[in-house]
Amino acid sequence: ARVFGASRARGLDARVAARRARAAKRSVTTTRAMNSDDVDEPETFVVPPDAFVDATTGESMTPERKAGVALGNLFTMAATRVILDQFTGTRHRSPVYYKMVDFLNENPLRNGNEWLAKLMREPDNDLRITAMRIIETRRVFADTEFNWDVVESVTKEEIAGDTLEMTKSFLTESLTAE
């Protein structure tokens, strides 16, 4: 094994760090999808920067960011259901349950952060406290309860199954067409 001097090793570390920083910067601005199992020379697709636009800010989003926002909304919905379920007793429902149901009817949960901000501004202290419970519950859900590996495998399975089904349908229609 070849031994590097201390100054040469620091120079190598600096070059590696600079290369990683450039790669990280590129990965933020350009999203690529590989269309090949050949790791040595993968064929890549570039997702146009304006493919996904944030409705509130008008800024471009990567597909990963778009999925993250959708998952954040899903976690808010799941946490809200957990809290509503906690308000349901064996013999009666808490009065806060009915306040939350009324709030949900008047303010459908579409954007989790905006919805929570609106709930936090409610004059009723019970609703503001409930918002804090939802915020904490969604954090715990994302950190400990949500199985990220299952999401990846289910997503890939769904895409593979959908692709197979659509391909079969297309081929069947094209073979039976006159």
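Count, please, the residues in the range 95-108 that happen to be outside any helix (DSSP H, G or I) and open to solvent by less than 30 Å² (accessible area, probe 1.4 Å).
Keep residues of the range 95-108 that are outside any helix (DSSP H, G or I), which gives 107-108.
With the extra rule that they be open to solvent by less than 30 Å² (accessible area, probe 1.4 Å), the set shrinks to 107.
Result for the range 95-108: 1.
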Original post:
Which of the residues that make up the range 137-178 are touching a residue at least 40 places away in the same chain (Cβ under 8 Å) and either within 21 Å of PHE87 (Cα to Cα) or open to solvent by 100 Å² or more (accessible area, probe 1.4 Å) (or both)?
Top reply: THR137, ARG138, PHE141
Original post:
Picking from THR76, THR130, THR80, THR137, which residue would you name as being part of a helix (DSSP H, G or I), within 16 Å of the chain's Cα centre (by Cα), at pLDDT 95 or above and of a type in the set (Ser, Thr, Tyr)?
Top reply: THR76
**OP:** Name the single residue, out of those in the range 111-127 being open to solvent by 90 Å² or more (accessible area, probe 1.4 Å) and over 24 Å from LYS66 (Cβ atoms), that is farthest from the chain's Cα centre (by Cα).
**Re:** PRO123
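The values are calculated or read from the model by the stated rules, or taken from the named source; none is laboratory data. What you are looking at is a predicted structure, and each value in this text was computed from that prediction instead of being measured. For neighbour counting, all protein chains shown are included, and Cβ atoms are generated from backbone atoms with ideal geometry for every residue, glycine included. With ligands, DNA and RNA removed, areas are computed over all heavy atoms of the protein, side chains included. Shrake-Rupley method; radii C 1.70, N 1.55, O 1.52, S 1.80 Å.
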